[in-house]
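What follows is a set of notes on a single structure, which appears directly below.
Derivation of every value follows stated rules applied to the coordinates shown; laboratory data play no part. Just so we're clear, the structure is a prediction, and the values are computed from it rather than from any experiment. Virtual Cβ from ideal backbone geometry, glycine too; neighbours counted across all protein chains shown.
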Amino acid sequence: MERTWWKEAVVYQIYPRSFNDSNGDGIGDLNGITEKMDYLKKLGIDVIWLSPVYESPNDDNGYDISNYRGIMKDFGTMEDFDRMLAAAHERGIRIVMDLVVNHTSDEHPWFVESRKSKDNPYRDYYIWREGKNGKEPNNWGSCFSGSAWEYDGQTDMYFLHLFSRKQPDLNWDNPKVRDEVFDMMAWWCRKGIDGFRMDVISLISKVPGLPDGEVGKNGYGDYGPYVCNGPHVHEYLQEMNRRVLSRYDLLTVGECSGVTVEEAKKYASLDGKELNMVFQFEHMDLDGGETFKWNERKIKLTELKQVLTKWQTSLAGKAWNSLYWCNHDQPRMLSRMGNDSPEYREVSAKMLATCLHMMQGTPYVYQGEELGMTNVPFRTLEDFRDIESINAYHELVGQGVFDSDTMMRYLRYKSRDNARTPMQWDDSENAGFTEGTPWIMVNPNYTEINAREELGREDSVFYYYQKLIRLRHENPVIVYGDYELLMPEDESLYVYTRTLDKEKLLVICNFTEEIREMELPEEFKGREGSVMISNYGDIRPEEELTLRAYEAVVFKF
Ligand code: GLC
Ligand code: CA
């Protein structure tokens with residue numbers, strides 16, 4: 001396989017609002033990121049993916065953009081951005097921008113024009129339809145509750161918004177929209193950025209006719225089958241690639257809701273016609289996900305192994321994987337598949353990290369994951385800030401689908417705000433994130449879980465991530481080796497191998513607190529092996545292994 005930097009890189013995701021506040025207004029900002037560049041260098045990451053920093057009225061925390069070429073005032077200025085970019089580049093760290101072009105803000109000048117009249121030059125930048133018998137054009141529900149259509153009295157028509165009503169969907173079938181988007185991308189590339197993470201890019205091409213979807217729990221139709229991987233999505237991405245991506249040296253990753261392995265082979269094909277890699281959601285959806293996220297279900301390890309193994313083996317040699325447990329849209333994995341009790345928090349955080357970072361693909365670390373940050377004990381609905389969570393509460397409790405207590409439990413377990421509380425820098429007030437009042441509560445466990453404490457202790461989760469990242473940089477087998485799952489039926493152990501030429505890694509992860517005996521697989525018996533990394537530190541490749549609570553070990557043969 002061809003060696004390229006983005007296959008060998010580890011990416012760190014920053015959610016700027018919650019990373020570091022430099023001016024005491026309670027909101028993280030660009031200068032705050034610049035201040036922490038040495039921290040990131042120390043962790044050893046190669047790339048930063050920056051969640052949106054563009055001008056935005058913040059209906060969805062910056063995922064509703066009103067000016068693609070300007071910086072949100074909360075976050076600073078374009079000069080601050082340039083300084084941050086330079087500070088990253090000086091340290092050999094690249095910057096990948098979030099590209100949100102399935103939709104804009106309704107305050108974007110294109111939409112302000114578009115809604116003015118049916119013959120406005122910007123009318124066809126968006127998706128407008130006549131109502132049907134005085135109702136919405138079809139039964140689609142928005143991802144953030146309610147209908148996916150908003151009525152606009154000025155022209156007596158509806159516009160489509162798969163997300164909030166302040167996020168109207170762009171009409172990608174209009175070549176002018178594509179020209180505008182590609183020009184804007186090239187503008188950022190000329191500025192020297194190093195790539196794009198493309199927000200819900202799998203949704204940009206809609207099936208003509210926009211047929212009704214299957215009705216779900218909230219009474220609305222599911223748009224999934226008519227917008228995910230739609231009829232022209234590959235054509236448009238190939239055009240984007242020809243006109244922009246192929247002209248620069250970039251890392252590109254598409255957030256692809258509803259992507260299958262077959263589709264991923266097209267989006268992320270190694271022939272480089274579209275993107276480098278995609279974010280798939282199958283492992284995240286095992287406990288409800290996109291079909292119905294609100295529950296407290298636990299993911300079964302056998303199912304997790306089956307899904308991740310399918311992605312590892314099906315893309316091998318054909319396309320490239322991304323690897324992630326956490327991002328700004330997911331609760332903390334440590335509280336989901338690990339164990340966030342004081343006794344097992346660190347060891348299970350390291351176990352999860354080992355399991356993911358030894359796979360083939362480009363790993364993504366979400367801010368705070370490298371500290372073992374956990375879900376948050378939100379008290380009441382007022383503690384939440386996320387539009388998805390708040391709307392879902394009102395819709396589902398209002399309709400009597402759940403009572404309030406049940407829905408609050410589900411929010412505490414699954415809300416995106418679990419990932420969005422401030423980064424825990426130290427044990428001073430507000431976790432050292434701000435000198436003002438933070439825009440969202442700080443997780444009270446910052447007094448124990450914080451960067452300063454971990455940087456001062458050799459066996460911390462931070463230094464474990466640092467080691468995993470270093471090992472990946474030093475061992476091509478971790479990047480390029482073939483993956484093979486062992487013991488697929490085992491409900492507590494995730495065991496797999498990686499093979500490159502004569503080198504072989506055996507990865508063993510105990511996903512439970514039970515002590516487990518395990519026989520070394522036949523092919524390794526009697527062979528000379530060593531420990532590459534382990535979260536207990538004192539295990540050896542013996543014929544009979546005893547694995548302790550959440551133990552993880554990688555043997556190299
Ligand atoms: C993506 C983003 C999410 C946002 C949505 C709409 O899924 O990751 O945060 O709410 O798109 O832009
Ligand atoms: Ca600030």
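How high is the relative contact order of region 109-160, in percent, with contacts defined as C-alpha pairs under 8 Å that are six or more residues apart?
Result for region 109-160 is 32 percent.
Go through Leu520, Ala552, Gly254 and say which Cα lies farthest out towards the positive end of the charge dipole of the chain; charges sit on Cβ, +1 for Lys and Arg, -1 for Asp and Glu.
Looking along the dipole axis, the top candidate is Gly254.
How far, in nm, would the chain grow between Asn174 and Asn391 when pulled straight, counting 0.36 nm per residue and subtracting the alpha carbon separation?
Full extension from Asn174 to Asn391 adds 75.0 nm.
Can you compute the FRET efficiency between Lys273 and Lys525 using 1/(1 + (r/R0)^6), with r the Cβ-Cβ distance and R0 = 41 Å? Round to the nearest 0.05.
0.35
Just tell me which aspartates and glutamates come within less than 13 Å, Cα to Cα, of Lys116; anything on the same chain fewer than 8 places away is out.
The qualifying aspartates and glutamates are Asp106, Glu107, Asp124, Asp152, Asp156.
With an 8 Å Cα cut-off and a minimum separation of 6 or more residues, compute the relative contact order for region 310-393 in percent.
34
Could you tell me how many degrees, from 0 to 90 and to the nearest 10, lie between the Cα long axis of helix 301-315 and the main elongation axis, the longest principal axis, of the Cα atoms of the chain?
Result, in degrees: 80.
Please figure out what share of the DSSP beta bridges in the chain is antiparallel and state it in percent, rounded to the nearest 5.
60
So which trypsin sites (Lys or Arg not before Pro) in region 472-511 pass both tests, a DSSP loop state and at most 11 other Cβ atoms within 10 Å of the Cβ?
Lys502
Between Gln306 and Glu503, what FRET efficiency follows from the Cβ-Cβ distance if R0 is 25 Å, with the result rounded to 0.05?
Details: r = 26 Å, r/R0 = 1.05.
In this case the efficiency is close to 0.40.
Tell me, Val177, Val233 in order of fewest to most beta-carbon neighbours within 10 Å?
Placing the least packed residue first, the sequence is Val177, Val233.
Give me the number: length gained by fully extending Thr4 to Lys265, i.e. 0.36 nm times residue separation minus the C-alpha to C-alpha distance, one decimal in nm. Mind showing how you got there, number by number?
Working: separation 261, 0.36 × 261 = 93.96 nm, distance 1.80 nm.
So the chain would gain 92.2 nm between Thr4 and Lys265.
For a Förster distance of 56 Å, can you work out the FRET efficiency between the beta-carbons of His89 and Lys135, rounded to the nearest 0.05?
Working: r = 53 Å, r/R0 = 0.95.
Efficiency, rounded to the nearest 0.05: 0.60.
If I model a spin label as a point 7 Å beyond the Cα along the Cα-Cβ vector, how far apart are those points for Asp25 and Thr546 in nm?
5.8
Give the residue from Gly436, Met351, Pro109 lying farthest towards the positive end of the charge dipole for the chain; charges sit on Cβ (+1 for Lys and Arg, -1 for Asp and Glu) and the dipole is referred to the Cα centre.
Pro109
Mind putting a number on the dipole of region 492-553 about its Cα centre? Charges go on the C-beta only, +1 for Lys and Arg and -1 for Asp and Glu, and I need it in Debye to the nearest 20.
Charge dipole of region 492-553: 240 debye, to the nearest 20.
222 nm [θ] for the chain, helices only, -39500 (n - 2.57) per DSSP H run of 4+, per residue, to 500? Write down the numbers at each step before the final one.
Details: 17 runs with 154 residues, N = 557.
-8000 deg cm²/dmol, from helical runs alone.
What percent does the relative contact order of the chain come to when contacts are Cα pairs within less than 8 Å and at least six residues apart? Mind showing how you got there, number by number?
Values: 1168 pairs, mean separation 73.0, N = 557.
After rounding, I find 13 percent.
Rounded to the nearest 10 degrees, what's the angle between the helix 387-398 long axis and the longest principal axis of the chain, both from Cα atoms, 0 to 90?
80
Taking a cut-off of 24 Å between Cα atoms, list the lysines near Lys504, but don't count ones fewer than 8 places away on the same chain.
Cα-Cα hits under 24 Å: Lys7, Lys305, Lys310, Lys318, Lys350, Lys467, Lys525, Lys556.
Under a Cβ-only charge scheme (Lys and Arg +1, Asp and Glu -1), can you give me the dipole magnitude of region 160-315 about the Cα centre, in debye to the nearest 20?
For this selection, approximately 300 debye.
Expected output is a single nm value to one decimal: the length gained when fully extending between Gln154 and Leu486, i.e. 0.36 nm times separation in residues minus the C-alpha distance. What is it?
113.3 nm
Which GluC sites (Glu not before Pro) does region 165-239 hold that lie in a coil by DSSP with at most 13 other beta carbons within 10 Å?
Counting only loop positions with at most 13 other Cβ atoms within 10 Å, the GluC sites (Glu not before Pro) in region 165-239 are Glu214.
If the cut-off is 18 Å between C-alpha atoms, which lysines fall inside it for Lys176, apart from same-chain ones fewer than 8 positions away?
Lys118, Lys206
As I understand it, the dipole of the chain uses +1 on the Cβ of Lys and Arg and -1 on the Cβ of Asp and Glu, about the Cα centre. Which of Tyr158, Leu396, Gly192 lies farthest toward its positive end?
Positive-end residue among those listed: Gly192.
Can you pull the one-decimal nm distance between simple spin-label points at Met184 and Asn295, each 7 Å off the Cα toward Cβ?
3.7
If you filter region 117-159 for trypsin sites (Lys or Arg not before Pro), then keep DSSP loop positions with at most 16 other Cβ within 10 Å, what is left?
Lys118
How do His108, His328 line up, fewest other C-beta atoms within 10 Å first?
Starting with the residue having the fewest Cβ neighbours, the order is His328, His108.
Nearest 10 degrees is fine. How inclined is helix 233-243 to the longest principal axis of the chain, computing both from alpha carbons?
90
To make sure I understand, if each residue's beta carbon is the centre and we count other beta carbons within 10 Å, what order do Phe163, Phe182 fall in, fewest to most? All intermediate terms of the calculation are to be shown ahead of the outcome.
Details: Phe163 24, Phe182 18.
Lowest to highest Cβ neighbour count: Phe182, Phe163.
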